[in-house]
Every structure is written in C-alpha cells, then in structure tokens.
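S.K.: Structure incoming, see below.
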Amino acid sequence: MRNTITVMNAKGGVGKSTLVLALAETLSAFHGKRVLVVDADAQSSISHMLMPQQQLTVLQDEGQTLVDFFVASVLKDEPALWRQYVVTGVSDVDDARSIDLIPCDTNLTLLEREISKSDREANLRRAINQLLSEARMAYDFVFIDSAPGLSVVTESWLREADFHLTPTRPDYISTRGLAFLRKFRQRNPEMGFGELLGTIINMKDPQAPEDEQYDHWLRGDPENRCFRQAMLRVTPLQSAAYFSPRPRSYWAKYPGATGDQVRSLTQELLARANELQRR
C-alpha cells in the first residue's frame, strides 16, 4: 500500500502547512480516513495548527517530539518506537477526530547538524523507512510536512516516502523551487525518490493577471502534473491556520467557496492516489 506523502517545495512561504492541515481535516471529516501528520519542519507550524500552544510546549519540554525520536534512534542507536511520540485525536474540528500528529520543535535544525557531523545519514534513512513502513499499515494517509530547502532530513523523507506533493505560489521564485526539486529528483536515482503525486497551485490571487499567467504557464508543462483545483489566497483559509481553543465545525472553519475548493482538491488527491495504487 502506497500512502505516504512528503509535502515540500524548496521555496518557503507557499502555504504548505495550511494546505496539509486542510487536506488532513477534510480527509478525516468527509471521508473517514485515518491520517497521520508528521511535522518535519523546525518551525513546527503544523503542530501549532493542530494543538494548543500549551500542550505543544509540554510535549517539547518532555522530549516527546520527532526530534527526540531521531535522537534516540539515529544518534544513540537505541530502540525507539515512533508510536510513543504520536499525539492522537488532534485538530480543533469537532468532526475530524481521526487525525494523529508527531510534533516537532526548533531543535530539529541542531539535530540535522549532528547527523551530518557524525555521518549518521544511513541511520536516519533506516529510522524513517521503519516509521513509514509501519505507519502505512496503521493509517490511510501519512503526510510529512517538510521544511523548505534540502537538508539531510528533508532529503530522507523525499527518498523514503511513496510520493511527494508540491505546493507552489504562481510566481517566479516559487516556480524556481519546482525546477530545483525536479533536477534534484533526477540525481542518484539508485537512492530512490518518491513519485510526484502532483503540483498544487496555492495562494493564487484571483485579481492578479500575473498570477493567472503563471498558472497558465505551470499547467502548460505536463511534468508538473498540476491539480485542476487551484487554491485561492483568501482570508478563511489563512484564518484556518490558527488553532481554536473551542472545537468548531468543519463548515465554520472552511466556509462557502473556500470549503468547496478544499473538498474538490481532496477529492482529486484521493482519485490520483487510487489511480497510482492500481499501477
């Protein structure tokens, strides 16, 4: 079963974490899917979106994050069970109760330096491979919210996951990130690399002619495998990134046309994943 997806663009600021949030909550609330979100970005954006700040701070202080899993399994060569770092039932959407999270913290950057200094890249690949192999069987979808750029950790997720999904803004700098990732994917093919699930045009300004031009240009290249549904830069989607202390309905979080777009994109993702499963 192939259901593990690294979400990544070499360029930051493309709305990656907000997109992972919306997809996970829609898959849970509307399709009854069990979803694991792995926060693999030192900024911990998706962790902040899926749980209260106080709870996240406690987990970070108590050593219950992805970083701590890697310290044990990669740097110390100790037996470590990734399930012990999973927080169950996250999200502030009251009808999205099947989302779990492995949170992160800022020490991921320091960890990456230690892995490189001590030549532990092979250990890292093994730890990620084991985590994903077991998570494939426990969840319907696993999303890895990766940091921009190509660190040793991000590269390992890209090589070990089944697919990679690339959000991009319709602008020059973000599309250069796409080109960079494509070239990197072609290097060292013997090391493996997740298949491209597709490119999502995100944070598009419907009033900007330049955005429409880049949208057209991106869709003109079949190698990008652009999703039909573009995500517009709208206030409700940006507001969804803020965790609500009181549970709210899916419809309150993703109202009107915003919810329509998210559900359309999620349906397309399901169709693509099912198609690739049959190959």
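Taken together, the values in this text are just the output of simple stated rules run on the coordinates, not laboratory data. Since this is a predicted model, take the numbers as computed values, not measurements. FYI the Cβ positions are ideal-geometry reconstructions off the backbone, even for glycines, and counts take in every protein chain you see.
S.K.: What residues have an amide H closer than 5 Å to that of ILE144, excluding those fewer than 5 places away on the same chain, when H is modeled at 1.01 Å from N in the peptide plane?
M.R.: ILE5, THR6, VAL7, VAL38
S.K.: Now for a separate question. Beta carbons within 10 angstrom, averaged per residue: use that to sort the peptides 68-81, 15-28, highest first.
M.R.: Order by mean packing, descending: 15-28, 68-81.
S.K.: Sequence-distant or interchain residues sharing an amide H contact under 5 Å with ARG34, placed H: which?
M.R.: ASP140, PHE141
S.K.: Here's a follow-up. Per residue, what volume in Å³ does the Cα convex hull of region 4-263 take up?
M.R.: 117
S.K.: Quick one: how many lysine pairs in region 4-263 have C-alpha atoms under 16 angstrom apart, if they're 8 or more apart or on different chains?
M.R.: Qualifying lysine pairs in region 4-263: 4.
S.K.: Provide the per-residue ³J(HN,Hα) series for region 93-101, in order, calculated from phi with Karplus coefficients 6.51, -1.76, 1.60 and θ = phi - 60°, each as a whole number of Hz, with x at glycine and proline positions.
M.R.: Each residue of region 93-101 in turn: 8, 5, 10, 10, 9, 10, 10, 10, 9 Hz.
S.K.: What's the center-to-center distance, using Cα atoms, between region 58-130 and region 215-263 in Å?
M.R.: Centre-to-centre distance over Cα atoms comes out at 28 Å.
S.K.: If you don't mind, another one. Give me the tail of P(r) for region 1-107 as a percent: Cα-Cα pairs with distance above 19 Å.
M.R.: Cα-Cα pairs in region 1-107 separated by more than 19 Å: 45 percent.
S.K.: Quick one: which residues, 5 or more positions from GLU195 or on another chain, have an amide H under 5 Å from its amide H? H modelled 1.01 Å from N in the peptide plane, none for Pro or chain starts.
M.R.: Excluding prolines and chain starts, which carry no amide H, the hits are PHE163, HIS164.
S.K.: Given only helices, namely DSSP H runs of n ≥ 4 each adding -39500 (n - 2.57), what is the per-residue ellipticity at 222 nm of the chain, to the nearest 500 deg cm²/dmol?
M.R.: So the calculated ellipticity at 222 nm is -14000 deg cm²/dmol.
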